[in-house]
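The values are calculated or read from the model by the stated rules, or taken from the named source; none is laboratory data. Please read all numbers here as calculations on a predicted model, not as lab measurements. With ideal geometry, Cβ positions are generated from the backbone for all residues, glycine too; neighbour counts draw on all protein chains shown.
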Amino acid sequence: MDTNKYNLTICHLYPDLLNTYGDRGNILALQKRAEWHGINVDIKNVTIGDTFDSSQYDIFFLGGGQDYEQEIIQEDVLNQKGNEIKAAIDGMKVFLCICGGYQLMGKYYKTWDGKEIEFLGALDLWTIGGKERMIGNIVFESDIIKDNGKPLKIVGFENHSGRTYLGEGIKPLGKVLFGNGNNGTDGYEGAVYNNVYCSYSHGSLLPKNPHLTDHLLSLALKQKYPDFQGLGALDDSFETAARSTVIERILKNA
Amino acid sequence: MNLKQLISITISKLAIIVLRLLRRGGTTLPGKLALKIYPGILKSIASNFDVIMVTGTNGKTTTTRIIEEVLKNNNVDYITNKSGANLLSGITTIFIQAVTLTGRPRHQVALIESDEAAFNQVTKHLQPKAVVVTNFFRDQLDRYGELYSTLNAVKSGLERIDDSTTLILNADDSMCASLGRNTQKKVFYYGISPDTDTCRSSGNGPGGSQINTDAIFCINCKSKYQYTNHIYGHLGGFYCTNCGYKRPAAHLECTAILEAGSSHTTISWRSVPPLSSLEQQYKARINLPGLYNVYNAMAAAACGLALNYSPETVINAMQSFECGFGRMESISVGDKTIKLILVKNPTGFNQVLNFLTLDHKQLNAAFLINDNLADGTDISWLWDVDFEQLNEVSDRIGNLFTSGIRGEDMAVRLKYSGIDTRKIRIIKDYHLLLERGLDQTPSGGVFYILPTYTAMLDIRSILRKKYKLKEFWK
């Protein structure tokens, strides 16, 4: 398959501020796998104060940060970049949002003592702060992406005190097999709306779950190139070993 | 005579003996027992020692070892927690060993390395004469929480202790240096001078500096820091144009890197009043390679001078100290050498990788990654390590082995750094790993083993049996 004619531009939003939990791995995974598939790929960093024209990009990535840094970007994200982000979502651009970036796409964050912080409101979801952090390995199963015809098992690591709830029209990314997921009670993890994919799982998420990486790349290519047929297979033996070893170990101890 | 104290010490001492007989190390359990029986035990018995404490994210152990050497050179009668037993229970064990059954001290000075997260708790019991803080870097978020909470915990710990304590702080670290603001305590700063040319030995390729986000915003006013010079990570000549907070002038600093070898670094350094009576220039050879060890040596030197030990004994200490547990420990196997270097967080790992790229020989290394509690159960930090810098020496890479509980994840990380996957091998069995690794290492070469904490305990116990590496609590 001749994929060389394809180009993707990936926008890493706030890379200097939202990258607490190895989120750089997700960018590396998108970049490397695109390259291995023969797709030309370009990574652009966009942070506080930078002008931002979302039509220039095909995939957007938003990671998680520490409270201190999340506070700093608040104004920029809501007032400077918010409308462009919403336009890109309506235009079916591909987004991956992890942890704090996931929460930020929602309507608000209510701290455990009742203070409400306004978020972007791009997706109908909201987060309530909890006193206990939910920390540990997580395995969930997604109907949206298939692995040999079966729902894909995705593995990662979660570390969050916010409990996220999904409104109407927002689908969860998957069902939790081990761990807490969105809120530790309803058994779901992550969120999907248009081509926006959200998850609490880092670790990093994409390198060890190559099906998901290729799924996101395919969505972006389909969106950009109507004649795009699909990605070929790569040698994923390391990724498969890492994924299955951890899944096996976690589910055995469950 | 305090009966509870007597029982506490006696039982704890018995536990030490029994654990040693069982060859179990026994660095934490005896202290835990002692505290359980008598919660006031540590405070009570430690009050008769001159206590020096070392804390911070990276470099605690090496800094402690150099200070220890200063004490030795001055014939000081001291105790120290050697084996990385740096939580409250381990520190208690050390003191129990150092007193008689009635709690009388058998030594004069206690040199204590304290885990930065435990520091706040430990200072409820200890009243140190001097505290050295090395630096603050992102480390095991699942265990320590966010970086600013670690900094705040150390800050509370320092506020708790008496104002007669001397603080020895890193001038180049905006977070560490902030501990010296608004305090009545005497403060000495150490660092690497902005005039020092660190290019040859620093790990700051474009990738290296880009991925740092530990402290880019001013701790007072949240404006972005500017830098006159950059050493590595967030260390360097920071200043804030908004509120004026900046790198404080250092009382002791490295002024030149004269030689950056693969086993040592030769530097010039100076001290200024009031740390010395006049401004003084010195030369020293640091018995370990890497820029991060220059910081450790400067921290130890500042501590030494602050405690009125002579510069000569400090210089001797830098060149003769014994490497700590897993800090470049060497084991000769025939005409080859195994070197053990502990890795535990991105900044430390980056510095070690940078050191590996400085060598000119073929590079054969094993990465042993565990995710037990002591290692951090979240291994996402591997993605913040700049493995990409290995591509700069790709023609020198022999074999890179990955192992440990998360050996497969490590292989994935190396793959996505762009390294030829034919050079990456997952070998989970440590015996086989040692055999293959040494086999692939050319004659006269070094096989580097980079384990996380618990992986090091495992590989060390194998190395001990196989090659007679000394037991770690000795």
- Message: Going by what's in this entry, would B:Asn293 be described as in contact (Cβ under 8 Å) with a residue 40 or more places away in the chain, closer than 26 Å to B:Trp381 by Cβ and in the same structural domain as B:Leu235 (by TED's automatic domain parsing)?
- Response: yes
- Item | Pairs, first more than 14 Å from chain B (Cβ to nearest Cβ) and without any contact (Cβ under 8 Å) to a residue 40 or more places away in the chain in region A:135-149, second surrounded by fewer than 18 Cβ atoms within 10 Å (Cβ to Cβ) and of a type in the set (D, E, K, R), C-beta under 6 Å, six or more apart | A:Glu141/A:Lys175
- Of the residues in region B:234-252, those that are outside any strand (DSSP E or B) and either modelled with pLDDT of 95 or more or surrounded by fewer than 18 Cβ atoms within 10 Å (Cβ to Cβ) (or both) come to B:Cys240, B:Thr241, B:Asn242, B:Cys243, B:Gly244, B:Tyr245, B:Arg247, B:Pro248, B:Ala249, B:Ala250, B:His251
- Query: Is it the case that A:Phe61 is without any contact (Cβ under 8 Å) to a residue 60 or more places away in the chain and either out of contact with any Pro (no Cβ under 8 Å at 6 or more places or on another chain) or within 12 Å of chain B (Cβ to nearest Cβ) (or both)?
  - Reply: yes
- Residues of region A:67-104 satisfying the condition of being part of a helix (DSSP H, G or I), away from every other protein chain (no Cβ under 14 Å) and β-branched (Val, Ile, Thr): A:Val77, A:Ile85, A:Ile89
- A:Met1 meets each of (1) surrounded by 22 or more Cβ atoms within 10 Å (Cβ to Cβ); (2) at pLDDT below 90; (3) more than 10 Å from chain B (Cβ to nearest Cβ) with one exception, condition (1)
- Task: Taking only region A:110-131 into account, find how many residues are within 16 Å of A:Ile73 (Cα to Cα) and either crowded, with 16+ Cβ neighbours inside 10 Å or under 20 Å from the mean Cα position of the chain (by Cα) (or both).
- Result: 3
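Residue check: is B:Thr255 part of a loop (DSSP other than H, G, I, E, B), surrounded by fewer than 19 Cβ atoms within 10 Å (Cβ to Cβ), away from every other protein chain (no Cβ under 14 Å) and not small (Gly, Ala, Ser)?
No; evaluated as a whole, the condition is false for this residue.
Conditions (1) surrounded by fewer than 24 Cβ atoms within 10 Å (Cβ to Cβ); (2) farther than 24 Å from B:Asn293 by Cβ; (3) within 14 Å of chain A (Cβ to nearest Cβ), marked per residue:
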position: B:Tyr38; (1), (2), (3): yes, yes, no
position: B:Ile41; (1), (2), (3): no, yes, no
position: B:Met53; (1), (2), (3): no, no, no
position: B:Gly56; (1), (2), (3): no, no, no
position: B:Glu69; (1), (2), (3): yes, no, no
position: B:Thr102; (1), (2), (3): yes, yes, no
position: B:Val131; (1), (2), (3): no, no, no
- For B:Val385, state whether it is under 27 Å from B:Ala85 (Cα atoms) and either without any contact (Cβ under 8 Å) to a residue 12 or more places away in the chain or in contact with a Pro (Cβ under 7 Å, 6 or more places away or on another chain) (or both). yes
- Message: For region A:52-69, give me each residue that is at pLDDT below 80 and among the polar types (S, T, N, Q).
- Response: A:Gln66
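Tell me which residues, restricted to region B:6-54, are on the phi > 0 side of the Ramachandran plot and of a type in the set (Asp, Glu).
We begin by selecting, within region B:6-54, every residue on the phi > 0 side of the Ramachandran plot; these are B:23, B:25-26.
Residues satisfying the conditions do not exist here.
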